[in-house]
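Read through the structure below, which is laid out as structure tokens, and then see the notes.
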Amino acid sequence: MRSLITTALLSLTLHVQAAEPLRIAVAANLLPVMERIAHDYQQHGGQPVQLAGGSSGAFFEQIRRGAPFDLFFSADAERPQQLADAGIGQDAQSYACGRLALWTPRHSPDLNALPAGKLAIAQPDTAPYGKAALQALERSGQLQAVQPRLVYAQDIGQAYQFVSSGNAPAGLVALSQLRASQVPSGQYAVLAYTLYRPLLQKRILLATGTRAALAEDFLQFFDAQQSTLKNAGYILPGETGCAAE
Amino acid sequence: MLLSNADWQAVGISLQLAGLSTVLLLLIGLPLAIWRVRRETPLRRVLDAVLALPLVLPPTVLGFYLLVLFAPQTLLGSSWQWLSGQPLAFSFAGLVLGSVIYSLPFVVQPLTVALREIPVNLLESAASLGANRWQRLWRITLPLLRRGLLVAATLGFAHTLGEFGVVLMLGGSIPGETQVVSIALFQHVEASRYAQAHQLAALMLGLSFFLLLLVYGLGAQRRPAPAPRD
């Protein structure tokens, strides 16, 4: 019995030592392209990377309470900044601006002629893409008409799923999702960036001690992947539509 | 309590959802429980396993399948849209349907246990005295089942009240329609509105505790039944 416990404990510690991957919390909209970048990184001899995808709000709460992530790529600029201000992590930096797209799989996409039925957006309260979606509807004068037909997804990933499952005939989703899933371009229209405040996304380095160097190594690789990010549907900081503050 | 109007609305939706689901759960659960107790067929094993599925499945699995099933391209989704003019997902009706499936074991299980406690000879004597099936149900089974029904109803109600995963998957968080307390709470936390989160959480904790107290109180009353003297 004792030897069994010893073995179990030993394998546990061995597991921790052997694995020890870089843990990265990734906003849902960035996950597909991040998976590719992380894959390339490991192909180029980088250390193992473990990605966790989810809503930035949930990650923010978890990180504030000590979740062991080494890096956090948020869907907004505020949360990494708040973490940095609270002394959690360092080096909060803009890495991309997201773009909103109207996706109507069974109709031609036109914000001024939305198909009947529900329109899925992410929760404006908590998801940056939801906030931008609401702004876009307001600035295009559609909000009043469409308000009773809005359904709120927890994050942009769920908004995408509401449309792809056929339950909502239309949705305001991230261009990055459509590109990642290779949705035919006739099904969606990228919204003019004047319709919403730039979806500036920031990241923050959370790792400390020896792990910080590993995290920085990954960031260096990430920063060199500009064309991958652009192809994935993002605007880079400093470009039109992505004013770095 | 200083709940905002939106939060009260969520409380209202949760209570309506739990109430309506409980009524439906009893209407569906009772015949199922009776069938489980009376019939001993191989099919019963399969039914038992199906009935227990919501106990072990992550609610997100159920929610995901329901969302797929509710899509207007499916038979269920399209017939509902034809009947009501509304899609089944993102609707209160959709949540009721999901809740009934999700909470069914919590109603069928206590009902089965309670039904097993009814002496078979009582029903047999009633039958030999000429009582038909419905008379036996109304005059003997249901009166003896009163506590079991209360326990089942309370558990079904409480479990539906605590539902999160299924609603998260197919609700769409529409205020006044599908935004229940657990979802509203989740959003408060995500938006760092801790005061509101605390209020809602405390309300749910208190309510759930009270309901469970009720269940255990009802359960305890059942046991020490002194023999009638007359």
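The values are calculated or read from the model by the stated rules, or taken from the named source; none is laboratory data. Computed from a predicted model, the values in this text were never measured in an experiment. When we count neighbours, we look across all protein chains shown, and the Cβ atoms used for this are built from the backbone with ideal geometry, even at glycine.
Matching residues to (1) without any contact (Cβ under 8 Å) to a residue 40 or more places away in the chain; (2) within 13 Å of another protein chain (Cβ to nearest Cβ):
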{"residue": "A:LEU71", "(1), (2)": "no, no"}
{"residue": "A:GLY87", "(1), (2)": "yes, no"}
{"residue": "A:ASP91", "(1), (2)": "no, no"}
{"residue": "A:GLY98", "(1), (2)": "no, no"}
{"residue": "A:ARG106", "(1), (2)": "no, yes"}
Counting only residues that are among the basic types (Lys, Arg) and buried (at least 24 other Cβ atoms within 10 Å of the Cβ), which one in the range A:155-205 is farthest from the other protein chains (Cβ to nearest Cβ)?
A:ARG203
Which residue out of B:GLU163, B:GLU177 is more than 14 Å from chain A (Cβ to nearest Cβ), within 24 Å of B:LEU95 (Cα to Cα), among the charged types (D, E, K, R) and not in a helix (DSSP H, G or I)?
B:GLU163
Does B:ARG139 count as in a helix (DSSP H, G or I), away from chain A (no Cβ under 14 Å) and touching a residue at least 40 places away in the same chain (Cβ under 8 Å)?
no
Just one of B:TRP8, B:TRP80, B:TRP35 is in contact with a Pro (Cβ under 8 Å, 6 or more places away or on another chain), over 21 Å from A:GLN158 (Cα atoms) and free of Cβ contacts under 8 Å to residues at least 24 places away in the same chain; which is it?
B:TRP80
Please find, within the range A:206-219, the residue that is nearest to A:ASP76 (Cα to Cα) out of those that are buried (at least 16 other Cβ atoms within 10 Å of the Cβ) and of a type outside the set (A, V, I, L, M).
A:PHE218
Select from the range A:38-58 the residues that are surrounded by 21 or more Cβ atoms within 10 Å (Cβ to Cβ) and at pLDDT below 90 and list them in ascending order.
A:SER55, A:SER56, A:GLY57
How many residues, within the range B:87-128, are within 14 Å of chain A (Cβ to nearest Cβ) and either more than 30 Å from B:PRO72 (Cβ to Cβ) or among the aromatic types (Phe, Trp, Tyr) (or both)?
2
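Of the residues B:LEU168, B:LEU200, B:LEU155, B:LEU214, which is within 14 Å of chain A (Cβ to nearest Cβ) and either in a helix (DSSP H, G or I) or farther than 23 Å from B:LEU57 by Cβ (or both)? Walk me through how you get there before you give the answer.
Values: B:LEU200 fails: within 14 Å of chain A (Cβ to nearest Cβ); B:LEU155 fails: within 14 Å of chain A (Cβ to nearest Cβ); B:LEU214 fails: within 14 Å of chain A (Cβ to nearest Cβ).
Sole residue among the options that is within 14 Å of chain A (Cβ to nearest Cβ) and either in a helix (DSSP H, G or I) or farther than 23 Å from B:LEU57 by Cβ (or both): B:LEU168.
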Quick check on A:GLU216: is it in contact with a strand residue (DSSP E or B) (Cβ under 8 Å, 6 or more places away or on another chain) and of a type in the set (Asp, Glu)?
yes
Could you grab me the full set of residues in the range B:38-67 that are within 13 Å of B:PRO105 (Cα to Cα), of a type in the set (Gly, Ala, Ser) and in contact (Cβ under 8 Å) with a residue 12 or more places away in the chain?
B:ALA52
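Filter the range B:42-86 down to residues that are small (Gly, Ala, Ser) and more than 14 Å from chain A (Cβ to nearest Cβ) and give me whichever is surrounded by the most Cβ atoms within 10 Å (Cβ to Cβ). Step through it out loud before you land on a result.
Step one: of the range B:42-86, the residues small (Gly, Ala, Ser) are B:49, B:52, B:63, B:71, B:77-79, B:84-85.
Pick out the ones that are also more than 14 Å from chain A (Cβ to nearest Cβ) and you get B:49, B:52, B:79.
Details: B:ALA49: 10, B:ALA52: 14, B:SER79: 12.
In this case the residue turns out to be B:ALA52.
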I'd like the residue in the range A:32-56 that is more than 26 Å from A:VAL183 (Cβ to Cβ) and of a type in the set (Gly, Ala, Ser) and, out of all such residues, is nearest to the other protein chains (Cβ to nearest Cβ).
A:GLY46
In the range A:82-161, which strands (runs of 3 or more DSSP E) lie fully inside it and hold 2 or more residues that are more than 28 Å from A:SER227 (Cβ to Cβ)?
A:119-122, A:150-153
Can A:VAL146 be described as closer than 19 Å to B:MET169 by Cβ, without any contact (Cβ under 8 Å) to a residue 40 or more places away in the chain and in contact with a helix residue (DSSP H, G or I) (Cβ under 8 Å, 6 or more places away or on another chain)?
no
I'd like to know if the range A:34-52 contains one or more residues that are farther than 24 Å from A:SER164 by Cα, aliphatic (A, V, I, L, M) and out of contact with any Lys or Arg (no Cβ under 9 Å at 6 or more places or on another chain).
yes
Looking only at the range B:180-193, count every residue that is more than 8 Å from every other protein chain (Cβ to nearest Cβ) and assigned to a loop (DSSP other than H, G, I, E, B) and tell me the total.
2
In a helix (DSSP H, G or I), at pLDDT 90 or above and not basic (Lys, Arg), is that true of B:LEU69?
yes
Look at the range A:95-143 and say how many of its residues are of a type in the set (D, E, K, R) and under 21 Å from A:ASN167 (Cα atoms).
3
Output the residue which, of all residues in the range A:220-233 that are touching a helix residue (DSSP H, G or I) at 6+ places or on another chain (Cβ under 6 Å) and in a loop (DSSP other than H, G, I, E, B), is surrounded by the fewest Cβ atoms within 10 Å (Cβ to Cβ).
A:GLN225
